[in-house]
Amino acid sequence: MLILALDLLDKRRALEIAEITSEYIDMIKVNYPLVLSAGIEIISELSEIKPVIADFKIADIPYISSLIADIAFKKGAKAVIVHGFVGENTVKSVLDVAKKYGREVYLVIELTSESLILEMQSDEIIRIALKLGCHGIIAPATKPERIKRAREIARNIKIFSPGVGIQGGEVESVLNAGADGIIVGRSIYNSKDPARIAREFRDRIRGIRLGY
């Protein structure tokens, strides 16, 4: 699976990139930079192109977290991303909202950059995801050994990995470690030919899955 991270500030450019790469991507991930600059409706507009993950890394008290999730789902997001370190009560509050809409919740276990506290808690966060019935976890492509460890604990839960490309993550090492999909941003949308680069990533994923 190839997920396009649209960490852009320009709404028109974001929609353009989504359109021209749509043939090759499976989902679109949006974060605060795009939503705060383009407005929350960008989720609805992008959802008409591909399913959207609202990467808000929700990390507040249960009530506030549930409100954030509700807004994202009302605007058409297929999934939201939550920080697992906030604990079971907050994660459950978001899951309860997701169930109302038939949507998904993914937990961050570690960041692609240095994240000392998360690294100390990541195994427990995975167990929380399993216990509460989360739909997936986010594990860093820059640390394939952590993906491998996550797969050992997480069993069949989905693992998506950001950090492929500019940040140094490699498609082959990430997928071979056990990830189900990669999340790619700047390597695609900052290229001179985003559609071609997206196609190349998709073809590499298919090649690894098919063993060639």
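For the reader, a short list of remarks on this structure follows.
- Test: TYR63 is of a type in the set (Ser, Thr, Tyr) and either in contact with a Phe, Trp or Tyr (Cβ under 8 Å, 6 or more places away or on another chain) or under 24 Å from ASP180 (Cα atoms) (or both): no
- Odd one out for LEU118 among (1) at pLDDT below 90; (2) closer than 19 Å to SER173 by Cα: (2)
- Residue tally, condition surrounded by fewer than 22 Cβ atoms within 10 Å (Cβ to Cβ) and outside any loop (DSSP other than H, G, I, E, B), over the range 59-78: 9
- Scanning the range 35-58 for residues being over 28 Å from PHE85 (Cβ atoms) and in a loop (DSSP other than H, G, I, E, B) gives a total of 4.
- Per the conditions (1) in contact with a helix residue (DSSP H, G or I) (Cβ under 7 Å, 6 or more places away or on another chain); (2) under 15 Å from HIS83 (Cβ atoms); (3) at pLDDT below 90; (4) surrounded by fewer than 18 Cβ atoms within 10 Å (Cβ to Cβ), the sole criterion not satisfied by GLU110 is (4).
- Among residues of the range 134-161, those that are within 16 Å of VAL105 (Cα to Cα) and in contact with a strand residue (DSSP E or B) (Cβ under 8 Å, 6 or more places away or on another chain), counted: 12
- Applying the condition of being touching a strand residue (DSSP E or B) at 6+ places or on another chain (Cβ under 8 Å) and in a helix (DSSP H, G or I) to the range 1-34 and asking which residue is nearest to VAL105 (Cα to Cα) yields TYR32.
- Which listed residue is over 18 Å from PHE73 (Cα atoms) and surrounded by fewer than 19 Cβ atoms within 10 Å (Cβ to Cβ), from LEU4, LEU9: LEU9
- Only listed residue being without any contact (Cβ under 8 Å) to a residue 24 or more places away in the chain and within 28 Å of ILE166 (Cβ to Cβ), chosen from LEU107, LEU111, LEU67, LEU36: LEU36
- Members of the range 148-171 that are under 30 Å from LEU9 (Cα atoms) and either surrounded by fewer than 18 Cβ atoms within 10 Å (Cβ to Cβ) or out of contact with any Ser or Thr (no Cβ under 9 Å at 6 or more places or on another chain) (or both): LYS158, ILE159, PHE160, ILE166, GLN167, GLY168, GLU170, VAL171
- Within the range 53-87, the set of residues being of a type outside the set (A, V, I, L, M), more than 16 Å from the chain's Cα centre (by Cα) and at pLDDT 95 or above comprises ASP60, PRO62, TYR63, SER65, SER66, ASP70, LYS74, LYS75.
- Number of the condition not met by LYS99 [criteria: (1) without any contact (Cβ under 8 Å) to a residue 24 or more places away in the chain; (2) in a loop (DSSP other than H, G, I, E, B); (3) of a type outside the set (A, V, I, L, M, F, W, C)]: (2)
The values are calculated or read from the model by the stated rules, or taken from the named source; none is laboratory data. Quantities reported herein were computed from a predicted structural model and do not represent experimental measurements. With ideal geometry, Cβ positions are generated from the backbone for all residues, glycine too; neighbour counts draw on all protein chains shown.
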